[in-house]
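Worksheet: the structure to be examined is printed underneath.
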Amino acid sequence: MSSFDRVTLLKHDQSFFDALVASDLAVLEELLADDFVLVGVEDGAVADRGILLDLMASGSLRFPRIHSFPDEAIVRVIGTVGIVVGRTGMNFTNPDGTTFSAGSRYTHVYAADAHDTWRLVSAQGTAIRA
């Protein structure tokens, strides 16, 4: 793996987190693969790209804060797949109005498209328990 791949994938990770905090649908639409799947950190619920974008657009899912630790991230590239295992501290508000705060470990899987642009295809978070 080149240092370019590491920097690029971590930049994409930060763009994803920033877009969630800003509810920036245009950036999310650019970053997420059409078949993107998210497994939630709080309850393991599975949401596809459309569900995530709809919840963000309606304002019923909000991320007031996501702090990442890129220096701790493990980044691997295998062919046209990039895998980032990292850590975050986050707050979010669920569609039912409940709030959730957690430290988490996450795995993000990226795939290079036909234009060698990395798209986030899968994201899974696991809460770090004290």
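Where a number appears in this text, it was derived from the coordinates with a stated rule and is not lab data. Note that the structure is a prediction, hence the values are computed from the model and not measured. Every residue, glycine among them, receives a Cβ derived from its backbone with ideal geometry; neighbour counts consider all protein chains shown.
For the chain, what is the charge dipole size about the Cα centre, in debye to the nearest 20, if Lys and Arg each add +1 at the Cβ and Asp and Glu each add -1 at the Cβ? Write out the running numbers ahead of the final one.
Details: 10 positive and 17 negative charges, 101 e Å.
Charge dipole, the chain, about its Cα centre: 480 debye, nearest 20.
Tabulate in residue order the Karplus-calculated ³J(HN,Hα) for region 64-75, using 6.51 cos²θ - 1.76 cosθ + 1.60 with θ = phi - 60°, rounded to whole Hz; enter x for Gly and Pro.
Result, rounded to whole Hz: x, 8, 9, 10, 10, 10, x, 5, 8, 5, 9, 10.
Please give the peptides 103-114, 88-99 ranked by average Cβ packing (other Cβ atoms within 10 Å per residue), highest first, as a rough proxy for protection.
Highest-to-lowest ranking by the protection proxy: 103-114, 88-99.
Which one, (i) 55, 30, 26; (ii) 53, 32, 23; (iii) 42, 33, 22, gives Cα extents along the principal axes in Å as derived from the coordinates shown?
The calculated read-out lines up with (iii).
Using alpha carbons only, how many degrees (0 to 90, rounded to 10) separate the axis of helix 49-58 from the longest principal axis of the chain?
The angle comes out near 40 degrees.
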